[in-house]
Amino acid sequence: MRRVPSWPCLPRPIAIGGPQLSQQRPSSPVRQSRRERRAAERGIQRRSSRATTQRPAWRSPIVLLTGAAALIGVVVIAFAMLSTGQVSTADLKTPGDPTPKSLWDGRAIGLASAPATLVVYEDFQCPACDTFTTQIEPQLVRDYVEPGKLRIVYKDFAFLGPESLEAAVAARCAGDQGLFWPYHDYLFANQKGENKGAFKRDRLIAIGRAVGVDEGAFGACLDTQAPAQAVQAETSEGRTAGVDATPTMFLNGTKIVGVPAYPELGQAIEAIVSGASPAPSAGAGSSPGASSSAAP
């Protein structure tokens with residue numbers, strides 16, 4: 001497209017005399033004074049200067065303002081996403097051996113009438129608790145819980161820091177919607193060291209999304225004091241019972257500290273089922289190489 005100049009056209013010189021005189025000889029140019037000529041020259045110079053210094057289109061004030069507004073919009077959206085804690089469920093690890101739904105009973109699994117009951121005090125940040133939950137508990141479920149011989153009851157002993165309390169609160173809030181056990185499994189599958197951000201609110205909400213909670217009710221529950229008070233009360237209950245490390249469990253009242261060897265734990269359960277007293281070895285403590293987190 002041919003560019004149209006932005007400055008006005010100059011007026012043409014006007015001829016002197018009528019039509020007949022113009023036909024007889026060329027009209028004489030209008031004489032200008034020196035002042036008029038200089039003024040005309042300055043006008044031409046100013047227009048020429050404007051033409052040579054005209055801004056590119058991208059430097060137009062409208063274009064610059066539009067670009068700035070778009071950039072601000074992107075920054076605001078990004079900040080809003082960060083501040084609201086938008087963590088994708090794709091960032092979470094899926095539990096490898098989830099607790100069977102058919103066994104869920106609040107924060108317990110198995111029949112209430114089972115002859116053996118294992119009460120387990122755990123902290124969701126405790127690595128030894130993760131070992132028990134992911135390696136020992138699935139075997140107990142298959143061999144003793146599903147056949148109706150054992151009932152496992154989860155108890156909070158949240159003592160490793162603020163994220164322990166936050167995770168326990170979130171698990172209780174999921175439990176209010178009947179989803180304690182899948183939430184429990186996701187928490188242990190997504191440990192990342194003590195108080196390093198694995199159980200901050202945004203990730204706890206993402207875990208809730210992964211297990212299918214009603215997010216509105218879940219978020220409201222997180223903002224109430226009742227679940228935190230319940231976690232703290234149960235932790236105090238554990239201290240009164242002699243818990244000073246996690247995991248600590250009680251098999252029909254017999255205290256077991258740390259991660260027990262599975263064969264010994266199985267023998268103790270079988271002894272209860274058969275009507276005998278629990279084997280003393282079951283309360284001896286941890287299997288070789290197992291670790292536990294001690295309370296201060």
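Overview of results
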quantity	calculated
Selection count where residues are farther than 17 Å from Gln125 by Cβ and either among the polar types (S, T, N, Q) or modelled with pLDDT under 95 (or both), scope region 161-189	1
Selection from region 154-209 of residues that are assigned to a helix (DSSP H, G or I), among the small types (Gly, Ala, Ser) and under 25 Å from Gly238 (Cα atoms)	Ser164, Ala167, Ala168, Ala170, Ala171, Ala174, Gly175, Ala189
Some residue of region 256-274 being more than 28 Å from Ala174 (Cβ to Cβ) and modelled with pLDDT under 95	yes
Pairs, first of a type in the set (S, T, N, Q) in region 107-121, second assigned to a loop (DSSP other than H, G, I, E, B), C-beta under 8 Å, six or more apart	Ser113/Gly148; Thr117/Asn252
Top-ranked residue of region 96-131 - restricted to ones that are more than 26 Å from the chain's Cα centre (by Cα) and among the aromatic types (Phe, Trp, Tyr), ranked as surrounded by the fewest Cβ atoms within 10 Å (Cβ to Cβ)	Trp104
Residues of region 92-135 that turn out to be closer than 22 Å to Val169 by Cβ, among the hydrophobic types (A, V, I, L, M, F, W, C) and in a loop (DSSP other than H, G, I, E, B), as a count	3
Any hit, region 149-159, residues being in contact with a Gly (Cβ under 6 Å, 6 or more places away or on another chain), at negative phi, of a type in the set (Lys, Arg) and modelled with pLDDT of 95 or more	yes
Enumeration of residues in region 150-169 that are farther than 19 Å from Phe199 by Cα and surrounded by fewer than 19 Cβ atoms within 10 Å (Cβ to Cβ)	Val153
Among residues of region 132-148, those that are exposed (fewer than 15 other Cβ atoms within 10 Å of the Cβ) and of a type outside the set (Lys, Arg), counted	4
Whichever residue in region 207-250 is in contact (Cβ under 8 Å) with a residue 24 or more places away in the chain and in contact with a Gly (Cβ under 8 Å, 6 or more places away or on another chain) and, among such residues, is surrounded by the most Cβ atoms within 10 Å (Cβ to Cβ)	Pro247
Any hit, region 81-104, residues being over 19 Å from His184 (Cβ atoms) and at pLDDT 95 or above	no
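The values are calculated or read from the model by the stated rules, or taken from the named source; none is laboratory data. Bear in mind the structure is a predicted one, so any value in this text is a computation, not a measurement. Positions of Cβ are backbone-derived with ideal geometry, glycine not excepted, and every protein chain shown enters the neighbour counts.
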